[in-house]
Amino acid sequence: FSFRKLWAFTGPGFLMSIAYLDPGNIESDLQSGAVAGFKLLWVLMLATTIGLLLQRLAARLGVVTGLHLAEVCNRQYQKVPRIILWLMVELAIIGSDMQEVIGSAIAINLLSVGKIPLWGGVLITIADTFVFLFLDKYGLRKLEAFFGFLITIMALTFGYEYITVKPNQEKLLKGLFIPYCQNCGTTQLEQAVGIVGAVIMPHNMYLHSALVKSRQVNRANKREVQEANKYFFIESCIALFVSFIINIFVVTVFAEAFFEKTNADVSDVCTNASSPHSSLFPNNNQTLEVDIYKGGVVLGCYFGPAALYIWAIGILAAGQSSTMTGTYSGQFVMEGFLNLRWSRFARVLLTRSIAITPTLFVAIFQDVEHLTGMNDFLNVLMSLQLPFALIPILTFTSLPSVMNDFANGL
């Protein structure tokens, strides 16, 4: 084992792990904590573990064949299944892009104390994509370092919330290692399905299989291929462990502070704290419903304005970092399935336009609750898209005709 070699292979895994930390994930985390307390932590851990195994298969496919998943699909499937797969993956990418737009717009609204309206935040997120395209010119390694910086911001901001709230460690460990969900109903089940869809992103397998190609590996040398597989797997383990810890921070903060709280409880605290957002919570005994926007507000009411702004910075980092991974995924998928080589600029313009249009309409004509309500639907949509990525990756990595000596035997 060599740390120098690990450093040389470090990058693709952290870029891939961004999808485990996008605003859709954060929304899913905070809602599962508020709705089910610590009871769904084991679902998060299992989903992350399964995600790691699937990312390992994706990386192996890229390293062994020198082709990414979309290119292998193009070579192995007939025209009709190929087109269906491409459409399903595009749908998942657009859904993910919408979550990034929603998250960024809400974060900008919170940081500007409401001065920048939601539709203004949505428009600003159009500009940020082109900033990333500008950064991309300086090379993938520098872009990987920048994403590492954004992940650090998320770890620090959500870690701050965790230290401030001080969740019960005994309940945390029980939730992680004992599969249970006492007194759970339809709402909790929907959150469990949403966690799976938010964590295991279908297009992320296409992305990871392509990113590993950025490292030079002599595929004629079996030992070099084995070594690359080993270091990419170690890097993926580290990257997904970091993302898992950040997700735990969010779930446990809301499980500890807001599980089984009523609107009246929060309304009283916000009124006493002279919060400008206290009107968000009607003075009734209905169970509190939180989302990315309300989550920041209630943190501000209970733990001071610093908690609200630090939360918003974390959400903004999550939204911005996941923007470029969606762009890369879309480019690889389009090139692989259709042999269509667009510039990144044109590719971003297309997918972001499709994602922003419905989001912008909701932001202009509806309130923030409807905007964040879209996240639940999009997370479940991701779960429904999963088979369209799982079937190809599991099939091809088990075929000796594709993987030679590295077929997984499943």
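Just need the relative contact order of the chain here, percent rounded to a whole number, with Cα pairs under 8 Å and 6+ apart. Present the calculation step by step, with values, prior to reporting the outcome.
Numbers: 648 pairs, mean separation 158.9, N = 410.
Averaging sequence separation for qualifying contacts and normalising by length gives 39 percent for the chain.
Could you give the length gained by full extension between GLN76 and PHE177, i.e. 0.36 nm per residue of separation minus their alpha carbon distance, to one decimal place? Provide the component values of the computation, followed by the final result.
On the way: separation 101, 0.36 × 101 = 36.36 nm, distance 4.03 nm.
Between GLN76 and PHE177, full extension yields 32.3 nm more.
At a 1.4 Å probe, what is the % contribution of carbon and sulfur to the accessible area of the range 3-406?
Values: 10520 of 16440 Å².
Answer for the range 3-406 is 64 percent, counting heavy atoms of protein chains only.
Which of the lysines could be linked to LYS39 by a straight reach, that is with a Cα gap under 25 Å, when you skip same-chain ones fewer than 8 residues away?
LYS166, LYS171, LYS174, LYS261, LYS294
What whole-number value in Å² describes the accessible area per residue of the range 3-406 for a 1.4 Å probe?
Numbers: 16440 Å² over 404 residues.
I get 41 Å² per residue for this part.
Rg to Rh ratio, the range 86-170, alpha-carbon atoms and Kirkwood radius? List each step's numbers first, then the result.
Numbers: Rg = 16.4 Å, Rh = 15.5 Å.
A ratio of 1.06.
Working from the pairwise distances between different alpha carbons, so that the mean of 1/r is found and then inverted, what is the chain's Kirkwood radius in Å?
Kirkwood radius, the chain: 21.6 Å.
In terms of modelled amide H atoms, which long-range or inter-chain residues lie less than 5 Å from the amide H of THR262?
Correct list: LEU288.
Considering only the other residues whose Cβ falls under 10 Å of the Cβ of GLU256, what net charge follows from Lys and Arg at +1 and Asp and Glu at -1? Working shown, then result.
Values: positive: LYS166, LYS171; negative: none.
Neighbour charge sum, excluding GLU256 itself: +2.
Between the DSSP loop rule and a limit of at most 13 other Cβ atoms within 10 Å, which trypsin sites (Lys or Arg not before Pro) in the range 182-262 are left?
Values: sites: LYS213, ARG215, ARG219, LYS222, ARG223, LYS230, LYS261; in loops: ARG215, ARG219, LYS261.
Of the trypsin sites (Lys or Arg not before Pro), the ones in loops of the range 182-262 whose Cβ has at most 13 other Cβ atoms within 10 Å are ARG219.
Counting only complete DSSP H runs, which helices of the chain cover 18 Å or more along their long axis at the Cα atoms and score a mean Kyte-Doolittle of -0.5 or above?
Details: long enough: 23-36 (19 Å, -0.14); 41-65 (36 Å, 1.54); 79-111 (48 Å, 1.26); 118-136 (28 Å, 1.72); 140-165 (38 Å, 1.10); 186-199 (20 Å, 0.84); 222-258 (53 Å, 0.98); 305-338 (49 Å, 0.75); 344-365 (31 Å, 1.32); 368-385 (26 Å, 0.42).
Result, helices passing both filters: 23-36, 41-65, 79-111, 118-136, 140-165, 186-199, 222-258, 305-338, 344-365, 368-385.
What is the magnitude of the charge dipole of the range 3-406 about its Cα centre, with +1 placed on the Cβ of each Lys and Arg, -1 on the Cβ of each Asp and Glu, and no other charges, expressed in debye to the nearest 20? All intermediate terms of the calculation are to be shown ahead of the outcome.
Numbers: 27 positive and 27 negative charges, 356 e Å.
So the dipole magnitude of the range 3-406 works out to roughly 1720 debye.
According to a simple spin-label model (label point 7 Å from Cα along Cα-to-Cβ), what is the distance in nm between SER2 and ILE163?
3.8 nm
The values are calculated or read from the model by the stated rules, or taken from the named source; none is laboratory data. The structure presented is a predicted model; accordingly, all values stated were derived computationally and were not measured. Cβ atoms come from the backbone with ideal geometry, glycine included; neighbour counts cover every protein chain shown. Note: areas computed on protein heavy atoms with side chains; ligands, DNA, RNA excluded. Shrake-Rupley method; radii C 1.70, N 1.55, O 1.52, S 1.80 Å.
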